[in-house]
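The values are calculated or read from the model by the stated rules, or taken from the named source; none is laboratory data. Because the structure is a prediction, the values reported are computed rather than measured. No Cβ is skipped: glycine too gets one built from the backbone with ideal geometry, and neighbour counts run over all protein chains shown.
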């Protein structure tokens, strides 16, 4: 499976968006679904990717609007990040 992803991502990009959870208490972002895609993208140095997100723990629906935070750190390795609290 990972070999197929390594071959397809550079050519076609990530076709199925990752699903990210955002913990409501502290805005911690984590990969909920798509761990293989996330790990392969990180390995390949992908800087942007399609994703959907939801607030955790009170998940009512998956958001389809962009999340206003870059989920990769400056070194490309910080997939679990914090966003400044929004007012």
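Structure notes:
- Test: residue in the range 25-45 that is in a loop (DSSP other than H, G, I, E, B), under 25 Å from residue 1 (Cα atoms) and at pLDDT 90 or above: yes
- Failed criterion for residue 55 (all others in (1) touching a strand residue (DSSP E or B) at 6+ places or on another chain (Cβ under 9 Å); (2) in a helix (DSSP H, G or I); (3) surrounded by fewer than 16 Cβ atoms within 10 Å (Cβ to Cβ) hold): (2)
- Within the span defined as the range 52-59, one or more residues are under 9 Å from the mean Cα position of the chain (by Cα), modelled with pLDDT of 50 or more and closer than 24 Å to residue 6 by Cβ.
- Some residue of the range 64-85 being more than 13 Å from the chain's Cα centre (by Cα), exposed (fewer than 12 other Cβ atoms within 10 Å of the Cβ) and modelled with pLDDT of 70 or more: no
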